[in-house]
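These notes are about the structure you will find just below.
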Amino acid sequence: MKKLIIPLLLIAVFFAFYTPKESNYQVYIKVAAIVILMIGVMKLMQKVPSKNQDKEEEDV
């Protein structure tokens, strides 16, 4: 899954920063790229354990 998300994020960053100024759909492309970027980062961060995970388990 991680191998699929990272290239997708790189493509989204490319489109977010390098959209041609003459394009009629420039704003829509940038918004879509940013949404894809945020969803991708959220999916990647779900796999990272919390710093407080050990403390929460000891309290239970």
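The values are calculated or read from the model by the stated rules, or taken from the named source; none is laboratory data. Since the structure is predicted, the reported quantities are computational estimates derived from the model, not experimental observations. As a convention, Cβ positions derive from the backbone with ideal geometry for all residues, glycine included, and neighbour counts pool all protein chains shown. For the accessible areas, the whole protein counts, side chains as well, though only heavy atoms, and no ligand, DNA or RNA atoms are used. Shrake-Rupley method; radii C 1.70, N 1.55, O 1.52, S 1.80 Å.
Just the residues that are surrounded by fewer than 13 Cβ atoms within 10 Å (Cβ to Cβ) and either modelled with pLDDT of 80 or more or assigned to a helix (DSSP H, G or I) (or both), please, taken from the range 19-34.
Glu22, Asn24, Tyr25, Gln26, Val27, Tyr28, Val31
Can you find, within the range 35-46, the residue that is nearest to Val13 (Cα to Cα) among those that are within 8 Å of the chain's Cα centre (by Cα) and open to solvent by 80 Å² or more (accessible area, probe 1.4 Å)?
Looking at residues that are within 8 Å of the chain's Cα centre (by Cα) and open to solvent by 80 Å² or more (accessible area, probe 1.4 Å), I get Met38.
Can you confirm whether Ala16 is open to solvent by less than 100 Å² (accessible area, probe 1.4 Å), at pLDDT below 85 and assigned to a helix (DSSP H, G or I)?
Considered against the rule, which asks whether it is open to solvent by less than 100 Å² (accessible area, probe 1.4 Å), at pLDDT below 85 and assigned to a helix (DSSP H, G or I), Ala16 comes out as yes.
Mind checking which pairs have a first residue in the range 9-31 that is over 24 Å from Met42 (Cα atoms) and a second that is surrounded by 10 or more Cβ atoms within 10 Å (Cβ to Cβ), Cβ under 9 Å, 6 or more apart or different chains?
Pairs found: Pro20/Gln26; Ser23/Ile29; Tyr25/Thr19; Gln26/Thr19.
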